[in-house]
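One structure below.
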Amino acid sequence: MTFYRKERPKRASVGQPLDRVDGRLKVTGGARYAAEYAVPNVAHAVMVTSTIAKGRIRSMDTSAAEKVTGVIKILTPFNAPKLPGAPVPGPHGAAGGEQRAEAGKGRSGTSTERGGGPPGGQIQGQGAQGPAARGVASMRVPTLLQDDVVRYNGQPIGLVIADTWEHAREAADLVKVSYASERPVLDWTAAPANNPQDVHPLGGERLSRRGDVERGLQSAVVTIDQTYITPLENHNPMEVHSTVAQWDGDSLLLYESTQGITSVRNTVARHFGLTPDKVRVVAYFTGGGFGSKGGPWSHESLAAMAAREVGRPVKLVLTRRQMFGPVGGRPRTEQRVTLGATKDGALTAIRHHSKSTTSTIEDWVEPATSQTRMLYSCPNVETQYDLVRVNVGTPTFMRAPGESTGTFALESAMDELAYALKMDPLALRLRNYAEQDPENGKPWSSKALRECYESASHRFGWSKRNPEPRSMRDGKWLVGWGMATATYPARRAPAGAVARLMPDGRVQLRAGTQEIGCGTYTAMTQIAADALGVAPEQVRFELGNTDMPENPASTGSVTAASTGSAVHDVAIALRDKLIQIAITDPQSAVYGAKAADVRIAEGRLTTGVELAGRTESYASLLGRHGGEPVEVTVTARPGQEAQQYSMHSFGAVFTEVHVDPDLGLVRVPRIVTAHAVGRILNAKTARSQIISGAVWGVGMALEEETLIDPRTGRYVNADLAEYHVPVNADIGTIDAAFIEEPDEHVSTVGAKGIGEIGITGVAASIANAVYHATGKRVRELPIRIERILAEAP
């Protein structure tokens with residue numbers, strides 16, 4: 001998919017609030033998503049999913065389903081083809097090994113208990129996690145009809161292929177399944193914990209210690225020891241997961257809704273015993289993913305299996321209910337945080353133990369303690385992960401995985417400590433401000449957190465806050481003010497790009513990244529335009545095809561730093577090549593000039609005044625060289641900066657809540673934020689990212705929870721009518737500002753990434769404001785009415 005801009009900016013493009021170059025296509029319906037490709041002779045597939053949480057399938061009666069008009073084939077574990085590269089589900093199967101080995105090197109503490117798996121990967125930055133860290137590898141153990149074992153309610157156990165979706169759906173409802181049911185493990189409080197050696201966080205460390213926490217707690221004047229709980233949550237992007245699979249001999253084309261075209265390609269190729277060059281994945285637009293589309297699940301390979309079995313293209317679109325279970329979600333966590341501090345608020349000890357749920361298929365660990373090891377200056381810190389296995393779908397990355405849940409616990413505990421010390425919560429954080437990374441002693445690549453505190457608190461009016469709980473009112477409403485710190489690692493992975501100057505002076509660039517709604521088309525256009533001295537309307541940026549140079553998955557906030565650096569570097573390389581052609585061409589106006597003396601602007605090469613300001617357009621230069629395009633390909637890789645610096649984004653969140661004292665209703669009239677996330681590539685899309693993160697933080701704090709029937713394991717609220725997310729009426733004013741700090745240690749373009757950090761700290765800020773309003777501390781999310789009314793002041 002390609003775009004040209006129409007308007008011409010009057011100054012440098014990067015940082016300006018340019019409208020999205022793909023905006024018109026999106027609002028007019030011209031942007032095609034995976035399920036919208038009109039493939040000739042396409043058949044439609046619908047998954048049949050289990051109705052028990054644990055057991056085996058005795059039989060599947062498809063006779064009634066086969067009689068439905070248009071049904072072509074029904075696949076079950078009893079007739080599905082065996083895939084040569086299908087992984088084996090289970091805690092010691094492919095998930096444990098692949099996931100850990102490919103996740104990249106984790107953060108290192110003074111002493112660590114490694115969870116297994118070598119510290120591989122090339123990603124730069126802290127706590128490398130997620131498909132972006134691996135770049136190309138599988139992160140899942142899908143259920144591909146290879147056995148008759150049921151591991152959770154909603155698991156794919158069959159596939160109906162028909163001429164229309166309606167016929168396939170009707171037939172799927174008629175498939176009768178007989179089970180040998182077993183009693184599932186659904187109560188996580190009663191579930192057996194994993195052996196420590198079987199807990200493998202993607203960061204690489206189950207247990208991290210520095211200093212002596214027990215001694216630090218003994219020396220403390222004030223201690224806090226509390227447990228915080230976050231629930232199961234689900235992503236629910238507007239676009240459900242969708243795949244269109246089309247075979248041509250032994251080559252496969254997938255139109256896919258994904259955040260990682262390369263990881264989908266490589267995984268599906270492995271499942272079918274193909275080399276990656278035999279699989280092409282196309283995803284020009286993805287309608288939201290938030291981590292759930294960070295890598296492949298079952299449906300991609302099931303669609304490809306179906307297409308090969310029926311000998312025609314097959315489209316598989318999940319239902320909204322099937323978005324609960326088969327494609328992941330945020331796991332439940334129970335986090336115990338212990339803090340110790342001196343009388344003046346200096347932290348003497350931090351202990352943060354997190355226990356989270358996983359499935360019986362994979363040993364997924366929610367990395368909820370990552371920020372605790374680096375956010376505040378403290379000599380004695382211990383963090384630990386534990387897992388319990390329950391019969392649910394495998395959890396996965398969900399916006400700011402780890403930091404969103406972890407900052408709720410840590411920042412709530414810091415607020416409790418501030419009250420115990422009778423100290424301003426902002427002053428407590430400033431008292432423990434870390435001037436360098438306390439975990440490894442490295443200097444920050446950049447850090448403007450102090451400026452974030454100052455900007456957000458000033459705009460919020462924090463100095464006017466009465467510190468006493470229940471002391472502020474607006475009519476009958478109790479008013480509460482709360483704050484929290486936001487943080488997320490800054491990461492960069494290898495990425496490639498190709499740039500081509502066309503004979504008419506236009507520029508084409510291609511990179512195999514993804515557009516998941518964040519504005520990648522636009523930001524990359526701006527970067528290339530500035531580097532080549534042309535207006536954005538002269539640039540055409542293409543993405544979303546595995547035939548293009550390889551890029552990491554669009555997860556973990558890596559795209560701006562990774563793909564942005566590749567686009568910048570390839571544009572600079574093309575510029576330098578053009579200058580070299582020109583200064584060695586006797587017919588060029590800049591012939592004989594030194595390369596360093598040639599400037600580029602408005603699509604022209606120009607010498608300085610000392611050479612009489614000679615000038616020539618790109619088009620005229622190429623015209624003398626046969627009218628052929630000039631092309632350059634670059635792979636941009638992280639350097640050694642990660643070994644020299646600690647790389648993170650930071651922010652501050654201040655929130656006002658109003659609470660009805662009689663009904664326990666909570667309203668959030670305003671949120672004020674300030675974030676330091678490196679160079680801002682597009683002011684408009686960056687602000688949108690922070691606003692969307694804050695909105696999701698409101699949902700996390702007050703509304704979102706995936707409910708499971710404790711008897712059957714069925715997802716109870718698996719639709720957007722019952723799974724509550726914020727609507728316009730729930731959101732007040734969101735005042736988002738940036739402390740710009742270009743960080744070229746992280747990336748060539750100075751960007752750190754902005755997709756995840758906007759949600760971090762928000763839930764804690766709201767919870768802290770609720771306490772200030774009511775005097776009631778709610779330590780379990782979401783903060784529902786009954787929890788406010790039940791908690792004692």
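The values are calculated or read from the model by the stated rules, or taken from the named source; none is laboratory data. If you're wondering where the values come from, they're calculated on a predicted model, not measured in any experiment. Neighbour counts are summed over all protein chains in view; Cβ atoms, including those assigned to glycine, are modelled from backbone coordinates with ideal geometry. The protein model used for the area step is the full one, side chains on, heavy atoms only, and it has no ligands, DNA or RNA in it. Shrake-Rupley method; radii C 1.70, N 1.55, O 1.52, S 1.80 Å.
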### Task
Of the numbered conditions (1) of a type outside the set (A, V, I, L, M); (2) under 20 Å from the mean Cα position of the chain (by Cα); (3) open to solvent by 10 Å² or more (accessible area, probe 1.4 Å), Gln371 fails exactly one; give the number of that condition.
(3)
### Task
Check whether at least one residue in region 343-364 is open to solvent by less than 10 Å² (accessible area, probe 1.4 Å), part of a loop (DSSP other than H, G, I, E, B) and within 30 Å of Asn41 (Cβ to Cβ), and report yes or no.
no
#### Entry: Number of the condition not met by Pro669 [criteria: (1) in a helix (DSSP H, G or I); (2) open to solvent by 40 Å² or more (accessible area, probe 1.4 Å)]
(1)
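Name the residue that is farthest from Tyr376 (Cα to Cα), counting only residues in region 203-221 that are in contact with a Lys or Arg (Cβ under 7 Å, 6 or more places away or on another chain) and of a type in the set (A, V, I, L, M, F, W, C).
Val221
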### Summary
Among residues of region 592-616 being open to solvent by 30 Å² or more (accessible area, probe 1.4 Å) and in a strand (DSSP E or B), the residue nearest to Asp504 (Cα to Cα) is Arg604
## Note on the structure
Taking region 480-513 and keeping residues open to solvent by less than 10 Å² (accessible area, probe 1.4 Å), among the aliphatic types (A, V, I, L, M) and more than 22 Å from Ala674 (Cα to Cα) leaves Ala493, Ala495, Ala497, Ala499, Leu501, Val507, Leu509, Ala511
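Yes/no matrix, rows are residues, columns are (1) in contact (Cβ under 8 Å) with a residue 60 or more places away in the chain; (2) of a type in the set (A, V, I, L, M); (3) open to solvent by less than 10 Å² (accessible area, probe 1.4 Å):
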residue: Thr223; (1), (2), (3): yes, no, no
residue: Thr227; (1), (2), (3): yes, no, no
residue: Val240; (1), (2), (3): yes, yes, no
residue: Ser251; (1), (2), (3): no, no, no
residue: Thr262; (1), (2), (3): yes, no, yes
residue: Thr286; (1), (2), (3): yes, no, yes
residue: Phe290; (1), (2), (3): yes, no, no
residue: Pro296; (1), (2), (3): yes, no, yes
residue: Glu309; (1), (2), (3): yes, no, no
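I'm trying to understand the selection: among the residues of region 10-25, which are without any contact (Cβ under 8 Å) to a residue 40 or more places away in the chain and surrounded by fewer than 15 Cβ atoms within 10 Å (Cβ to Cβ)?
First, pick out the residues of region 10-25 that are without any contact (Cβ under 8 Å) to a residue 40 or more places away in the chain: 10-11, 23-25.
Result: Lys10, Arg11, Arg24.
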## Note on the structure
The condition from (1) farther than 30 Å from Gln526 by Cα; (2) touching a Ser or Thr at 6+ places or on another chain (Cβ under 9 Å) that Glu756 misses is numbered (1)
### Query
If you scan region 683-739, which residues turn out to be part of a strand (DSSP E or B) and under 22 Å from the mean Cα position of the chain (by Cα)?
Ile734, Ala736, Ala737, Phe738
### Task
Would you be able to say whether some residue in region 752-760 is more than 23 Å from Leu410 (Cα to Cα), open to solvent by less than 20 Å² (accessible area, probe 1.4 Å) and among the hydrophobic types (A, V, I, L, M, F, W, C)?
no
### Task
From Ala582, Ala589, Ala553, grab the single residue that is over 28 Å from Val677 (Cβ atoms), in a loop (DSSP other than H, G, I, E, B) and either touching a residue at least 60 places away in the same chain (Cβ under 8 Å) or more than 39 Å from the chain's Cα centre (by Cα) (or both).
Ala589
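Does Val534 count as among the hydrophobic types (A, V, I, L, M, F, W, C) and part of a loop (DSSP other than H, G, I, E, B)? Don't jump to the end; show me each part of the working.
Details: among the hydrophobic types (A, V, I, L, M, F, W, C): yes; part of a loop (DSSP other than H, G, I, E, B): yes.
Yes, satisfied.
Can you pull out every residue in region 240-273 that is out of contact with any helix residue (DSSP H, G or I) (no Cβ under 8 Å at 6 or more places or on another chain) and not small (Gly, Ala, Ser)? Walk me through it before giving the result.
Filtering region 240-273 for residues out of contact with any helix residue (DSSP H, G or I) (no Cβ under 8 Å at 6 or more places or on another chain) gives 248-249, 253, 261-262, 270, 273.
Correct list: Asp248, Leu253, Ile261, Thr262, Arg270.
Being within 30 Å of Arg280 (Cα to Cα) and basic (Lys, Arg), is that true of even one residue in region 161-170?
If we filter region 161-170 for residues that are within 30 Å of Arg280 (Cα to Cα), which is where we start, we get 161-169.
Those still in the list that are basic (Lys, Arg) too: 169.
Yes - at least one qualifying residue is present in region 161-170.
Based on what the data block shows, is Ser765 hydroxyl-bearing (Ser, Thr, Tyr), in contact (Cβ under 8 Å) with a residue 12 or more places away in the chain, closer than 20 Å to Ala676 by Cα and out of contact with any Phe, Trp or Tyr (no Cβ under 8 Å at 6 or more places or on another chain)? Please lay out each step first, then the result.
Values: hydroxyl-bearing (Ser, Thr, Tyr): yes; in contact (Cβ under 8 Å) with a residue 12 or more places away in the chain: yes; closer than 20 Å to Ala676 by Cα: yes; out of contact with any Phe, Trp or Tyr (no Cβ under 8 Å at 6 or more places or on another chain): no.
No.
With the structure loaded, tell me whether Thr319 is part of a loop (DSSP other than H, G, I, E, B) and open to solvent by 10 Å² or more (accessible area, probe 1.4 Å) or whether it fails that test. Can you show your working first?
Working: part of a loop (DSSP other than H, G, I, E, B): yes; open to solvent by 10 Å² or more (accessible area, probe 1.4 Å): yes.
Yes.
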### Query
In this structure, is Ile72 over 19 Å from Met305 (Cα atoms), buried (at least 21 other Cβ atoms within 10 Å of the Cβ), at pLDDT 95 or above and not charged (D, E, K, R)?
no
### Task
Out of the residues in region 619-633 that are modelled with pLDDT of 95 or more and open to solvent by less than 30 Å² (accessible area, probe 1.4 Å), state the one that is farthest from Ile581 (Cα to Cα).
Val632
### Task
Report, by residue number, each residue of region 441-465 that is farther than 14 Å from Phe738 by Cα and either modelled with pLDDT under 95 or touching a Phe, Trp or Tyr at 6+ places or on another chain (Cβ under 7 Å) (or both).
Lys442, Pro443, Trp444, Ser445, Phe460, Trp462, Arg465
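Filter region 26-48 down to the residues that are open to solvent by less than 50 Å² (accessible area, probe 1.4 Å) and assigned to a helix (DSSP H, G or I) and list them by number.
Let us first name the residues in region 26-48 that are open to solvent by less than 50 Å² (accessible area, probe 1.4 Å), namely 30-31, 34-35, 37, 39, 42-48.
The answer is Ala34, Ala35.
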### Query
Is one or more of the residues making up region 382-391 surrounded by 24 or more Cβ atoms within 10 Å (Cβ to Cβ) and of a type in the set (Asp, Glu)?
yes
#### Entry: Residue list for region 380-396, filter: in a strand (DSSP E or B) and of a type in the set (Ser, Thr, Tyr)
Thr383, Tyr385
## Note on the structure
Within region 428-479, the residues that are open to solvent by 20 Å² or more (accessible area, probe 1.4 Å) and among the aromatic types (Phe, Trp, Tyr) are Tyr433, Trp444, Trp477
### Query
What do you reckon, is Gln538 more than 30 Å from Met374 (Cα to Cα), open to solvent by 10 Å² or more (accessible area, probe 1.4 Å) and touching a residue at least 12 places away in the same chain (Cβ under 8 Å)?
yes
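Considering only region 155-172, I want to know if a residue exists there that is within 11 Å of Arg56 (Cβ to Cβ), out of contact with any His (no Cβ under 8 Å at 6 or more places or on another chain) and of a type in the set (A, V, I, L, M, F, W, C).
Going residue by residue through region 155-172, those that are within 11 Å of Arg56 (Cβ to Cβ) are 157.
Applying the additional criterion that residues be out of contact with any His (no Cβ under 8 Å at 6 or more places or on another chain) yields 157.
Right, trim to of a type in the set (A, V, I, L, M, F, W, C) and you get 157.
Within region 155-172, one or more residues are within 11 Å of Arg56 (Cβ to Cβ), out of contact with any His (no Cβ under 8 Å at 6 or more places or on another chain) and of a type in the set (A, V, I, L, M, F, W, C).
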### Query
Does region 546-569 contain any residue that is among the polar types (S, T, N, Q), surrounded by 24 or more Cβ atoms within 10 Å (Cβ to Cβ) and on the phi > 0 side of the Ramachandran plot?
yes
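Select from region 253-301 the residues that are touching a strand residue (DSSP E or B) at 6+ places or on another chain (Cβ under 6 Å), among the β-branched types (Val, Ile, Thr) and assigned to a helix (DSSP H, G or I) and list them in ascending order. Explain how you work it out, then say what you get.
Restricting attention to region 253-301, the residues satisfying the condition of being touching a strand residue (DSSP E or B) at 6+ places or on another chain (Cβ under 6 Å) are 253-257, 261-262, 264-265, 268-269, 278-283, 298-300.
Narrowing further to those that are among the β-branched types (Val, Ile, Thr): 261-262, 264, 268, 279, 281-282.
Ile261, Thr262, Val264, Val268, listed by residue number.
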